[in-house]
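Derivation of every value follows stated rules applied to the coordinates shown; laboratory data play no part. Because the structure is a prediction, the values reported are computed rather than measured. Cβ: placed from backbone, ideal geometry, glycine included. Neighbour counts: every protein chain shown.
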Amino acid sequence: MQTIPIKRALLSVSDKTGIVELAKDLVDLGVELISTGGTSAALQAAAIPYRKIEELTGLPEMLDGRVKTLHPTIHGGILGRRDEHAVEAAKHHIPWIDLVVVNFYPFEQATKDREMTWDEVVEYIDVGGPTMVRAAAKNFAWVGVVVNPDDYTAMLAELRMQYGLSFTTRKNLAEKAFAATTHYDAMIHQYFLNKNSQIESFPQHLELHLEKMAELRYGENPHQRASAYQFSKQKTGILCAAPHQGKPLSYNNILDSEAAWSCVSEFASPACVIVKHANPCGAAAADTIDEAYQQAYTTDPTSAFGGIVALNRPCTKSVAEAVTSIFTEVILAPAFTEEALTVLATKPNLRVLEIPVYAQQTWEMKYITGGLLLQEKDLYQVQADELKIMTRVKPNREEVASMLFAWRVLKHAKSNAILVVKENRTLGIGAGQVSRIDAVDLALSKASKLSNTNLQNAVLTSDAFFPFRDSIDHIAQSGVRVIMQPGGSVRDEEVIAACDEHHIAMVFTGKRCFKH
């Protein structure tokens, strides 16, 4: 596979970053330039010699610039095989084009301009650019194609060294080119779906375009390889968090951080969530972030060891001192005071991530063999007026507030999940159990270990219905006198009757919050 000399290049870019410098260097290397439209104007202003497209095609740009490169002379010069098609190309006066430097109309930026009409946005759909890029990428055996200004420097370095581009370089550039056209078409497709009022329905075709963000040390276990990928142009999420210090995030760190941040984002008041193995092990909302952290931590100090701490308010010096007093993997917050950063710096391996508050995504997906599952993200929050009291005993106002707090945490715990809460803090969490009664026993066991904690006014919440009364009989022995659950079991009447027997209030939400 030989190195192909670059004698003629076509330059036509919307993003003109570095294009003048590139053009100067190409001319210095003896490359003839062909250019169009705005790129021509930039080259002319810089006094760089070039040939206009119409000199080759014999036709001017027409139809308001919609047609300028869509011509056999241009595409023949890009697509032709230099060995098999040389005679035919000479017959039709088609000059070979060895390098295509093209990027596309800024369609994505146009879609973000809310004042633009449908017709105006459609004008930002590039036709000639993607067509030339696809042609050059297809013929990478003979042609180089560059779609990203970030690749100019490396390409020029290779040209200076060997006056051409190697097969490996052309192939790699072609791969990037096809990724660019795929992403561009996917953006247009999504825009049409949205404009056709189909945003609430599932698309018939789903195109995903992601970019590698980092090669991770390993996956869930040291013998598994892993990398982190991000959706192109995405500017929010854990992968976009600004690191202040610490080792690079591991695969498990990323998953746990996502779980912690998603949960703490449920709260408007100062809140802290501590996560271990993708499950919340402590959560609290309070008047101050210092108090929220302390209450979340004391829920389950054993599980908090080696955990992930997420705050929805700036991290203070007090919280930093508490976090650094035990082994913590990651701390996330929308900001950190200078005093807090100074304290956290005493633990150089602690990962400190600053992450702005952002709107939660509305969709989530899980990969399975041969495909993926796509669903709406569970953003539902139970409201007080939706609660249906099913028993003779009624919850009081404080207990209702505890239930509303519990739901925000409960839906982030793996099913089967049970939470015991009191006064806007978790007391015990039983998550990821294969039977509901095991989850009940685990949550009550953890709650009972808290010193000076009376469960008399605590609330127990369940992510799904109780299939039998056995869980109620266990709960009655703990002192808990309020239970919240979705309802919907064929034995609801039996379960409600058990609550009445034990003088326990039971409230139905009518909504389940499984998390697998």
For a quick protection proxy, order the peptides 277-286, 260-269 by their average other-Cβ count within 10 Å, most packed first.
-> 277-286, 260-269
About the Cα centre of the chain, how large is the charge dipole given +1 on each Lys and Arg Cβ and -1 on each Asp and Glu Cβ? Please answer in debye to the nearest 20.
-> 760 debye
Indicate, rounded to the nearest 5 percent, the antiparallel portion of the DSSP beta bridges found entirely in the chain.
-> 55 percent
Within the range 384-508: Cβ-based charge dipole about Cα centre, in debye rounded to nearest 20 (Lys, Arg +1; Asp, Glu -1) = 420 debye
To the nearest 0.05, the calculated FRET efficiency linking residue 341 and residue 239 through their beta-carbon distance, R0 being 22 Å, is 0.55
Efficiency by 1/(1 + (r/R0)^6): what FRET value for residue 516 and residue 141, r their Cβ-Cβ distance, R0 = 56 Å, to the nearest 0.05?
-> 0.70
Once both label points are put 7 Å beyond Cα along the C-beta direction, the residue 389-residue 167 separation in nm becomes 8.0 nm
Taking R0 as 56 Å, what's the FRET efficiency between residue 21 and residue 287 from their Cβ-Cβ distance, rounded to 0.05?
-> 0.50
Could you work out how far apart the two model spin labels at residue 457 and residue 51 are, taking each label as a point 7 Å from the Cα in the direction of the beta carbon, and quote it in nm?
-> 8.7 nm
Calculate for the chain the 222 nm mean residue ellipticity that helices alone would give, adding -39,500 (n - 2.57) per DSSP H run of length 4 or more and normalising by residue count, nearest 500 deg cm²/dmol.
-> -10500 deg cm²/dmol
May I ask which of 138/171; 422/515; 24/52; 247/276; 377/411; 16/52 have a Cα-Cα span longer than 20 Å here?
-> 422/515
Write down the Kirkwood hydrodynamic radius of the range 318-388, to one decimal in angstroms, obtained as one divided by the mean of 1/r over all alpha carbon pairs.
-> 15.9 Å
Extent along principal axes [Cα atoms of the range 210-354; Å; largest to smallest] | 40, 31, 28
Determine the distance separating the Cα centre of the range 447-484 from the Cα centre of the range 333-376; give it in Å without decimals.
-> 32 Å
From the C-alpha gyration tensor of the range 384-508, square roots of 5λ in Å = 18, 16, 14
How big is the charge dipole of the range 259-389 about its Cα centre, in debye rounded to the nearest 20, if each Lys and Arg gets +1 on its Cβ and each Asp and Glu gets -1 on its Cβ?
-> 380 debye
Under a point spin-label approximation (7 Å from Cα along Cα-to-Cβ), what is the residue 92-residue 379 distance to one decimal in nm?
-> 5.2 nm
With an 8 Å cut-off on Cα pairs and a minimum separation of 6 or more residues, tell me the relative contact order of the chain in percent.
-> 9 percent
Where does each of 426, 169, 17 land when they are ranked from fewest to most other beta-carbon atoms within 10 angstrom?
-> 17, 169, 426
Mind checking the full-extension length gain between residue 365 and residue 445? Use 0.36 nm per residue of separation minus the Cα-Cα distance, one decimal, nm.
-> 25.4 nm
